[in-house]
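Reading through the structure tokens given below for one structure.
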Amino acid sequence: MYWGWAETEMTIIEKSIIISSDLLQREVTCTWLMPDEQEIDGPLNLLLLNDGQELENLELRGTLEQLYGNNRLKPTLVVAIHAAEDRIQEYGVAGNPDFKGRGSRADIYTAFIKTELLPMIEAETGVNSFETTAFAGFSLGGLSAFDIAWNNGDVFDKVGVFSGSFWWRRKDLGNGYTDADRIMHSVIKNTGDKPSLKFWLQTGTHDETSDRNKNGIIDAIDDTIDLIKELEDKGYKRPEDIQYIEVVGGSHDTATWAKAMPKFLVWAFGR
């Protein structure tokens, strides 16, 4: 299915859709941001976004309008998935809760994305093959997006992680922890065939103050750099497959992620 495209101005249609999820046993609100059907000419792209309740703070609609206005973005449907009250249980690494048991429902959330949300999007749009399908998220939602994309390379082409919670670990720091206990790093290392994915990763130099190994580099940056090393060990290349953005002075907040968002969108769906 193809929709119309305007070269300089684009009307963004915003709507809210509620899914009664049998898997999650709750109603899931999704905010859609999509160019007006009459103004696009070309295949449609899809971006799934965790923590969709933060759209206003992320200033995403204005960012999209500006990028479309500058003719820098291909037509893209953004489906922003609002998090549950027990976000810390639904987000994480599927089948791998952390040392406190958090992320215990991440496998169910993954199943929701694959078997309830994506079929609903296809039914609503009439599109069964998007030009590019990406998943992105922030902090713990970024870890979730990465994990889901990593385990479903047949569905997703790209993944974006803003200040990802790659510290997610099996052991507490005071209980014999080593860097080998970081869950996502271990999943990558132990995966056989690497998925056909491209990665966009962002950190801020003020994401946190913690420095487990006392090397003068905050954990958020260390954990992300080490994750990139795991990806490179799998055969992914920089910059072809991996883009890394370090925001000097950037914090662990929506203001920083909003500033980084245009770079991600152009990387993922740029014209």
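Structure data summary
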item	result
Lys171 vs. criteria within 19 Å of Gly92 (Cβ to Cβ), out of contact with any Leu (no Cβ under 6 Å at 6 or more places or on another chain), exposed (fewer than 13 other Cβ atoms within 10 Å of the Cβ) and basic (Lys, Arg)	no
Close pairs from region 220-234: first farther than 14 Å from Lys194 by Cα, partner polar (S, T, N, Q) and modelled with pLDDT of 95 or more, Cβ under 6 Å, at least 6 apart	Ala220/Thr203; Ile221/Thr203; Thr224/Thr203
Any hit, region 249-263, residues being surrounded by fewer than 16 Cβ atoms within 10 Å (Cβ to Cβ) and either over 21 Å from Gly141 (Cα atoms) or touching a Pro at 6+ places or on another chain (Cβ under 8 Å) (or both)	yes
Residues being in a loop (DSSP other than H, G, I, E, B), under 19 Å from Ser144 (Cα atoms) and touching a helix residue (DSSP H, G or I) at 6+ places or on another chain (Cβ under 8 Å) - total across region 195-215	3
All positions within region 178-194 that are part of a loop (DSSP other than H, G, I, E, B) and in contact (Cβ under 8 Å) with a residue 24 or more places away in the chain	Thr191, Lys194
Single condition His206 does not satisfy, out of (1) surrounded by fewer than 15 Cβ atoms within 10 Å (Cβ to Cβ); (2) touching a His at 6+ places or on another chain (Cβ under 8 Å)	(1)
Number of positions in region 216-256 that are among the basic types (Lys, Arg) and outside any loop (DSSP other than H, G, I, E, B)	1
Exclusive hit being surrounded by 15 or more Cβ atoms within 10 Å (Cβ to Cβ) and either over 30 Å from Thr115 (Cβ atoms) or hydrophobic (A, V, I, L, M, F, W, C) (or both), set Ile217, Ile242	Ile242
Neighbours by Cβ (under 9 Å, 6+ apart or cross-chain): first from region 70-88, more than 23 Å from Asp36 (Cβ to Cβ); second β-branched (Val, Ile, Thr) and at pLDDT 95 or above	His82/Val28; His82/Thr29; His82/Thr31; Ala84/Val28
Among residues of region 35-56, those that are in contact with a Phe, Trp or Tyr (Cβ under 9 Å, 6 or more places away or on another chain) and either part of a helix (DSSP H, G or I) or on the phi > 0 side of the Ramachandran plot (or both), counted	6
Restricting region 27-40 to residues that are under 23 Å from Glu54 (Cβ atoms) and among the β-branched types (Val, Ile, Thr), the residue that is surrounded by the most Cβ atoms within 10 Å (Cβ to Cβ)	Val28
Count of region 220-239 residues which are out of contact with any strand residue (DSSP E or B) (no Cβ under 8 Å at 6 or more places or on another chain) and crowded, with 17+ Cβ neighbours inside 10 Å	2
Breaking point among (1) buried (at least 17 other Cβ atoms within 10 Å of the Cβ); (2) in a loop (DSSP other than H, G, I, E, B); (3) touching a Ser or Thr at 6+ places or on another chain (Cβ under 9 Å), for Leu24	(3)
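Every residue, every condition in (1) touching a His at 6+ places or on another chain (Cβ under 7 Å); (2) over 21 Å from Lys158 (Cβ atoms), yes or no:
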site: Gly42; (1), (2): no, no
site: Gln53; (1), (2): yes, yes
site: Leu60; (1), (2): no, no
site: Glu65; (1), (2): no, yes
site: His82; (1), (2): no, yes
site: Glu85; (1), (2): no, yes
site: Ser104; (1), (2): no, yes
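The values are calculated or read from the model by the stated rules, or taken from the named source; none is laboratory data. Worth saying up front: this structure is predicted, and the values here are computed from it rather than measured. Neighbour counts run over all protein chains shown; Cβ positions are idealised from the backbone, glycine included.
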